[in-house]
Amino acid sequence: MGTMPLLKLLYTACLLPLLLYCVSGMAGELALTADERQWLDDHPVIRIAPDPDFSPFEWISKDGVYHGMAADYVWLIGKKLGVRFEVIHGYKWSQIIAMAQQHEVDLLPAVGETEERMKYLLFTKPYISVPGVLVSSDNQESIEKLGGHKIAVVRDYMWDDLVSKLYPDILIERVDDLKFGLELTALGAVDAMVTDLASATNMIQQTNINNLHIVSDATPKLGYMELSMGVRSDWPQLRSILDKALASLDTAEIIAIRSNWIKFNEPAFWRDSNFWYSLLIALSVVLLLFSGFIIWNRMLKKEVALRTRELQTAQKQLMQAEKMETIGRLAAGVAHEVKNPLAIIQMGVDYLSHEMSQDKDSLEVIKDIDDAVRRADNVILGLLDFSRDKKLELKQGSLNDVISSSLHLVDHELRQRNIKAETLLAENLPAMALDANKLQQVFINLFMNAVHAMDHNGELRISSEVKRLEEQSDLARDSDGLFTINEQVIRVEVADTGPGIREQDKAKIFELFYTTKVVGEGTGLGLSVTRNIINLHHGTIDIANRPQGGASVVLMFKLNEGENQ
Amino acid sequence: MTKRILVVDDEPAITRMVKLNLERTQNYEVLTENRSTNAIAAARQFQPDLILLDVMMPEMDGDEIASQLRQDEQLSKIKFVFMTAIVSKDDIETMGSNIGGNEFLAKPVKTEELIATIERVLAES
């Protein structure tokens, strides 16, 4: 990239102090010769003339005080040498140059070495080095392409000299100070300005001009602005003394001076586009996260509400099933306890009706007792029938759907007991005439039996398929002898990894009130009711142990006419 | 020719009523047994043509008694009629084949129906 926006550069300008270096590299003792000491004694006051407007290197404030990085060097060296530097001020730079030519001042503290200046100044080794840059308002790529254009330089600065020589076809607009030059550039009165990086960034920041760009790497020929101290040419002793003094500065002293002026390199963070980009990105991310959180929260709420509803439905259904079981158990108990006495009364009356006199009144009494027994029996039958499933409400439906919805209803129980459910439901299962509610009762019953058998940790495997009964072993699971060889059936298997079924329980497991569960856990109604419902669907149910352990319940249903080919 | 009927039920009043009603017809010779565990020995000794069995009894239920007697070749010709107090007629229709494919009667049963059933079962070859 040839150019970069000013603000980006401001950001990088904090690297600038790295470009400022110590003249000698290594600090050492200040070892002056006797002649040099004598010379200093003879010249206790040295007149210095700083550039009044060359921040951050040096400038004169309104109250006449000398400031800047070079000033710090000067005061430190003055202290080391025991000389007093008298600051000459109140002149423009061009006037100061003129005075230096006339030896009216003794030392220019921060000045670039040019051939022109060598005529009247002796230069110490450079102690500050800053790259030269091109500043423009319209993204100029390179000074090389600015032939015929106007470029501003501060009059008599080293850039004046350099640009004039390197680019003779550039029209040079000499200005009195940097600020004015930058203003001209910003306004478009000149196409660009050549100066050093430190001054440019410093001044742009001070003046708040924000439409300027600094071409960072397009001006290799401009090189570095190296600032030295310029001593009047007839005072070679002073140049030697100053070189020694600069070389004697130790790293700590140099760092102390630099750190005083590092501040100017730190752009205000809000002026950095990166800051705003970062802020924008951060805000976007926060907004995105927040929106995501809100959406997620709402989805979660909906999900919770849905699950709660489902759970409530499941609980209601299970409660209803339990209620029916309780009624069934009660009815069975009542039936057993009441029907035996009724049987005694019934047969007792039958006997007496033959033995007693056949008068009209006796016959009526017997008939009344007979009727009363019937009535009482009907009440018990009604109670028993209430808890049984007698009739089906058949509709064409998918057995897979019934299996899935039943599994969903026991899902909570499965998760609580860490039982994994695996379903392998055939996609091509044909619809059949079924009572979804009743079959759901069947599957819940089978699933819960498996769950109780496994207790905790296990696998419930449910599969459905259309199967042709090809072998006798297929028919073996047709407990009612309902199907024939080669017949196609809908076959559902519910397998668990529990302990399986005991041999002695096999024959009776589908009998009414037969239960292997401890008192209070099961009523024995479950599998008998299950079998009843399956039979009403023209199906069979069979239970067996799997070779690999656990029980397997197989249901087989007739395929609809026409589908059995 | 009178037929021998063994009546097994844990309720003495029932066995008594059945015995009275059956013997009144003079077509049957009836032995009653109220303890299910004694039923098999009673059957061996009495050699009945038909056993009227209560399904639910303490100690040993009717189905178990029937299956044990069926394994005995000498007793294999015995017919069974089951009586139960806990199912309705509809149950018997839908679940009748559950216990050995035998005839079921739901208590309370009228004597004429009991006799009709016994006769029908006895008539089966």
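The values are calculated or read from the model by the stated rules, or taken from the named source; none is laboratory data. As the structure is a prediction and not an experimental result, all values here were calculated from the model. Note that we place each Cβ from the backbone using ideal geometry, even for glycine, and neighbour counts take in every protein chain shown.
For every residue, the table says whether it meets (1) modelled with pLDDT of 90 or more; (2) exposed (fewer than 14 other Cβ atoms within 10 Å of the Cβ).
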{"site": "B:Asp9", "(1), (2)": "yes, no"}
{"site": "B:Met17", "(1), (2)": "yes, no"}
{"site": "B:Ala41", "(1), (2)": "yes, yes"}
{"site": "B:Pro48", "(1), (2)": "yes, no"}
{"site": "B:Ala106", "(1), (2)": "no, no"}
What about A:Asp191, is it buried (at least 16 other Cβ atoms within 10 Å of the Cβ) and within 20 Å of A:Glu116 (Cα to Cα)?
no
Checking the conditions here, which among A:Asn449, A:Asn428 is farther than 20 Å from A:His538 by Cβ and exposed (fewer than 15 other Cβ atoms within 10 Å of the Cβ)?
A:Asn428
Expected single match for outside any helix (DSSP H, G or I), free of Cβ contacts under 8 Å to residues at least 60 places away in the same chain and under 45 Å from the mean Cα position of the chain (by Cα) among A:Glu427, A:Glu393 is A:Glu427
So the check is Cβ under 7 Å with 6+ separation or different chains; which pairs have a first residue in the stretch B:21-33 that's over 24 Å from B:Asp61 (Cα atoms) and a second one that's assigned to a loop (DSSP other than H, G, I, E, B)?
B:Asn27/B:Thr2; B:Tyr28/B:Thr2
Please verify whether the stretch A:198-206 includes one or more residues that are part of a strand (DSSP E or B) and crowded, with 19+ Cβ neighbours inside 10 Å.
no
Report, by residue number, each residue of the stretch B:11-25 that is under 14 Å from A:Ile345 (Cβ atoms) and more than 7 Å from every other protein chain (Cβ to nearest Cβ).
B:Arg16
Some residue of the stretch A:445-453 being closer than 22 Å to A:Arg531 by Cα and out of contact with any strand residue (DSSP E or B) (no Cβ under 9 Å at 6 or more places or on another chain):
yes
Residue list for the stretch A:178-196, filter: assigned to a loop (DSSP other than H, G, I, E, B) and modelled with pLDDT under 85:
A:Gly188
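This table checks each residue for (1) closer than 30 Å to A:Glu113 by Cβ; (2) at pLDDT 90 or above.
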site	(1), (2)
A:Ser233	yes, yes
A:Trp261	yes, no
A:Leu280	no, yes
A:Leu283	no, yes
A:Thr308	no, no
A:Ile327	no, no
A:His336	no, no
Out of everything in the stretch A:106-124 that is buried (at least 21 other Cβ atoms within 10 Å of the Cβ) and farther than 11 Å from A:Ser233 by Cα, what residue ends up being modelled with the lowest pLDDT?
A:Gly112
For the stretch A:137-154, give me each residue that is surrounded by fewer than 18 Cβ atoms within 10 Å (Cβ to Cβ) and either at pLDDT 85 or above or part of a strand (DSSP E or B) (or both).
A:His149, A:Lys150
So the check is Cβ under 8 Å with 6+ separation or different chains; which pairs have a first residue in the stretch A:333-344 that's over 14 Å from B:Leu105 (Cα atoms) and more than 7 Å from every other protein chain (Cβ to nearest Cβ) and a second one that's surrounded by fewer than 16 Cβ atoms within 10 Å (Cβ to Cβ) and of a type in the set (Val, Ile, Thr)?
none
